[in-house]
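To keep things clear, I will list the structure first and then write my remarks on it.
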Amino acid sequence: MLSALQSPRSLSRFPLFHSSKPFLFHSSSHALPNASLTDQSTTTSTSSLPQSQILSTRHSLLSRQITATEVAESYLARLRLTEPQLNSFLHVSDSVLREAQDLDRRIASNEEVGLLAGVLVGVKDNLCTADMPSTGGSRILEGYQPPFDATAVKRVKDLGGIVVGKTNMDEFGMGSTTEGSAFQVTANPWDISRVPGGSSGGSAAAVSARQCMVSLGSDTGGSVRQPASFCGVVGLKPTYGRVSRFGLMAYASSLDVVGCFGSSVVDTGILLHAISGHDRFDATTSKQDVPDFGSHFVSATSWESKPLKGLRIGLIRETLEDGVESGVVSAIRAAALHFEELGCTVNEVSLPSFSLGLPAYYILASSESSSNLSRYDGIRYGKQVFADELSSLYGDSRAEGFGSEVKMRILMGTYALSAGYYDAYYKRAQQVRTIIRNSFKEALNQNDVLISPAAPSPAYKIGEKKNDPLAMYAGDIMTVNVNLAGLPALVLPCGFVEGGSTGLPVGLQMIGSAFCEGELLRVGHIFEQTLENCNFVPPIIAENSAS
């Protein structure tokens, strides 16, 4: 908890921004198929790789310029200062400094350390952690501590990552603002009167405010990408099957994926590489080899004048029509012009089935959730209400443990699956899903990457849409189709609109073919590094550093 954190020290002790000392990296113990990363001992020039907080931290640790304990103390101090305003975390680990000190001893003994050594990682609270509570943002799991780590969490730890804590979220991932958490409301670091997005709002806010270097989230219908847009960070939804879902609390099993947040495309790609690969505990994970995503990141000094020459970009026409704020449209069109300057060919493409995705998604997701959440019955784990009869125990435990949004979606899903309505709702939604998948396939046959806004608006005020669920659902229009198609998508900040004290960030969504995360990362990195006059650091950092 926050009271257990060390007293704040100088926030300038560890850099907020990227070091100018890029370097090669490698994995010491994480077994990924054919995923060779370049050995750290290789001598390279300082211009051989791009800037990255993870890489600069590793370089500083191995060159003895700084210790892991100092890194941890700096981040914990910043977390202590900003957390009362943001409420990004539901639980902060009390073992962060102990793990950092152990890492320092290993480095001093010249032991080999993992790719994520000393990297502080936030973990969304629907990913199981054996040493911390995992509630899924719900009262029904209040105080629950799993006996195991989710595969994604285990892989982070195996590579030396330090889990700083569990981040806030909408209950069981059902929401777009993080106001649906049963415990607290998270604020946006760009304007604390606004939402950070959801359902992974805590993970996005934590990275944006530099409370951790990177974080894990989950994305069922946009829960990584929309918060990334609202908080001005990079968010990556992998292809369905790229990352194991073992240990992820199930919402809609055919749509759920574990995703990544970072303050740069490079850091996000490194985290994706760390957690990707087949897992025997999840039959839906792909056995495809995980590529070396690091090979897609090259220094700007080695780029040609048109580094993306020949790339075909498709701007989805339906994402710029009615219902999308004019400032968002302007930012996306400016991003399209920037792609042209980088050598791309940009054409508008039409996906006539795009508007069908939202109703189909909510039918399918609600139907799957009504089945998945039946396990929370007050018997096996979680909140239990005493009752004389078993049926009353079930009913009362669920009535008191679940929030209103979860109850509504369970009822919606149960209705859609009920006799007499299955064909009219669930079956038709599955047919629409096939149409959407085919339309994306056709568009990606003609284009290398599709682009759109990540959300139709920037972050809005806390409470603005809480009592209007239809308006909140409509905000998912940009993202749900990607989940229905099972495709990867990368969101990165591309500009600002008016709002708050310094403006509000706008996120650009890039969609690729299945298992083509490497290409998205390459394109996104070049776009990010060549975008001028944009500093995506929220004002809360400067305010707290000054204090």
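In segment 429-547, how does Rg compare with the Kirkwood Rh, expressed as the Rg/Rh ratio over alpha carbon atoms?
In segment 429-547, Rg relative to Rh is 1.04.
Show that you can apply the helix-only estimate: for the chain, add -39,500 (n - 2.57) for every DSSP H stretch of four or more residues, divide by all residues, and state [θ] at 222 nm to the nearest 500.
The helix contribution divided over the chain gives -10500 deg cm²/dmol.
How much FRET efficiency would the formula 1/(1 + (r/R0)^6) give for A399 and Q431, where r is the Cβ-Cβ distance and R0 is 41 Å, rounded to 0.05?
0.75
Can you give the direction-averaged projected area of the convex hull of the alpha-carbon atoms in segment 150-248, in nm²?
Projected area, direction-averaged: 6.0 nm².
At 7 Å along Cα-to-Cβ for each site, give me the label-to-label distance between R312 and T530 in nm.
Computed distance between label sites R312 and T530 equals 2.0 nm.
In terms of the Cα gyration tensor, with a ≥ b ≥ c the square roots of its eigenvalues, is segment 259-350 rounded because a/c is under 1.5, prolate because a/b exceeds b/c, or oblate? Numbers along the way, then the final one.
On the way: a/c = 2.21, a/b = 1.44, b/c = 1.54.
Oblate.
If you take the charge dipole of segment 352-448 about its Cα centre, with +1 on Lys and Arg Cβ and -1 on Asp and Glu Cβ, which of I436, S369, Q446 is farthest toward its positive end?
Of the candidates, Q446 comes out farthest on the positive side.
Once you place label points 7 Å from the Cα toward the Cβ at A387 and S193, how far apart are they in nm?
Placing both labels 7 Å along Cα→Cβ, they lie 4.4 nm apart.
Which lysines have a Cα lying under 27 Å from the Cα of K466, excluding residues fewer than 8 positions away in the same chain?
K124, K166, K237, K383, K407
Which percent of Cα-Cα pairs in segment 445-493 sits in each 5 Å bin, short to long?
Once binned at 5 Å, the Cα pair distances of segment 445-493 give 4, 15, 25, 22, 15, 11, 5, 3, 1.
Specify which residue in the list I107, G143, L79 is farthest towards the positive end of the charge dipole of segment 45-195, using unit charges on the beta carbon of Lys, Arg (+1) and Asp, Glu (-1), about the Cα centre.
Toward the positive end, the furthest listed residue is I107.
Using the eigenvalues of the Cα gyration tensor, what equivalent ellipsoid semi-axes result for the chain when each is taken as the square root of five times the eigenvalue, whole Å, largest first?
Details: eigenvalues 218, 171, 97 Å².
Semi-axis lengths for the chain are 33, 29, 22 Å.
Place a point 7 Å from Cα of S501 in the direction of its Cβ. Which residues in segment 65-101 have their backbone N less than 14 Å from it?
The answer is 82, 85-86, whose backbone nitrogens lie closer than 14 Å to the label point.
Before anything else, pin down the relative contact order of the chain: Cα pairs under 8 Å, at least 6 apart, normalised by residue count, whole percent.
Result for the chain is 16 percent.
Please give the charge dipole size of the chain, origin at the Cα centre, charges +1 on K and R Cβ atoms and -1 on D and E Cβ atoms. Round to the nearest 20 debye.
Value, rounded to 20: 420 debye.
Report the FRET efficiency, 1/(1 + (r/R0)^6), for I379 and R333, where r is their Cβ-Cβ distance and R0 is 56 Å, rounded to 0.05. Present the calculation step by step, with values, prior to reporting the outcome.
Details: r = 55 Å, r/R0 = 0.98.
Result of the calculation: an efficiency of 0.55.
FYI, it's all coordinate maths here, none of it is from the lab. A quick note: this is a predicted structure, and the numbers were derived from the prediction, not measured. Note that we place each Cβ from the backbone using ideal geometry, even for glycine, and neighbour counts take in every protein chain shown.
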